[in-house]
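Working notes, beginning with the structure itself.
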Amino acid sequence: MRLPSHTPAPGPVWVISGSPGAGKSTVSRALLGHFPLGLHVPVDDLREFVVSGTAHPSLEENPETARQFRLARTAAAQMARLYAEAGFTVVVDDVLWPADLALFAAHWTGLDVRPVMLAPGLEAAQRRNATRTGKPFDPSALAPLIDALYPALRPDEFRAAGWQVVESGGQSVAETVETVLALRWT
């Protein structure tokens, strides 16, 4: 793809949510391959920049974990705005609930924001999680979290909040990306 020779109009900002193992990072990277300028902002990667005092996700409520997620999400929102305004298509991926978009939206006034929930189903998410490589932790530690999150991440609630939902369990990465690209935005 040819890069633009001038500063183009702001690019869209996609927000990809779903449970761990839903394929957020894989789909995000593949989606961005369709654009001449693309930036992937995985919130998990921003959280890994914390060298000491990292508060990891758990099933128990932890104020420090919540604070560190807010910081990482705010950094992701600001980074996304900076790059989108420079003409990049941006994808931020994280495990989000519909209401979490408000934290990002405060930084994205005037941008074309496209929230998408990947809903592969519990079995597919667990299978994908079990085969992951390249994580700085043992992905099997996420299995109980995936089980707990699955009933809480309800596609109908995402749809009601204006998110697009992609039922991706039976799709390849390429098929999921094509589905995401075909979504209509108002």
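Key figures
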{"item": "Residue check, Leu31 part of a helix (DSSP H, G or I) and open to solvent by less than 40 Å² (accessible area, probe 1.4 Å)", "result": "yes"}
{"item": "Residue match in the stretch 72-92 (condition: modelled with pLDDT of 90 or more, crowded, with 18+ Cβ neighbours inside 10 Å, within 21 Å of Ala161 (Cα to Cα) and in contact with a Ser or Thr (Cβ under 9 Å, 6 or more places away or on another chain))", "result": "yes"}
{"item": "Matching helices (runs of 4 or more DSSP H) fully within the stretch 74-186 where at least 3 residues are within 16 Å of Ser28 (Cβ to Cβ) and without any contact (Cβ under 8 Å) to a residue 24 or more places away in the chain", "result": "173-182"}
{"item": "Any hit, the stretch 11-23, residues being crowded, with 16+ Cβ neighbours inside 10 Å, farther than 30 Å from Pro151 by Cβ, at pLDDT 95 or above and not charged (D, E, K, R)", "result": "no"}
{"item": "Scan of the stretch 99-118 for residues that are at pLDDT below 95, under 15 Å from the mean Cα position of the chain (by Cα) and open to solvent by 10 Å² or more (accessible area, probe 1.4 Å), ordered by number", "result": "Ala99, Asp100, Leu101, Ala102, Leu103, Ala105"}
{"item": "Residue tally, condition without any contact (Cβ under 8 Å) to a residue 40 or more places away in the chain and either of a type in the set (Lys, Arg) or buried (at least 19 other Cβ atoms within 10 Å of the Cβ) (or both), over the stretch 34-49", "result": "2"}
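The values are calculated or read from the model by the stated rules, or taken from the named source; none is laboratory data. Please read these numbers as outputs of a predicted model, since none were measured by experiment. Cβ coordinates were reconstructed from backbone atoms using ideal geometry, including for glycine residues, and neighbour counts include every protein chain displayed. The area values use the complete protein model at the heavy-atom level, side chains included, leaving out ligands, DNA and RNA. Shrake-Rupley method; radii C 1.70, N 1.55, O 1.52, S 1.80 Å.
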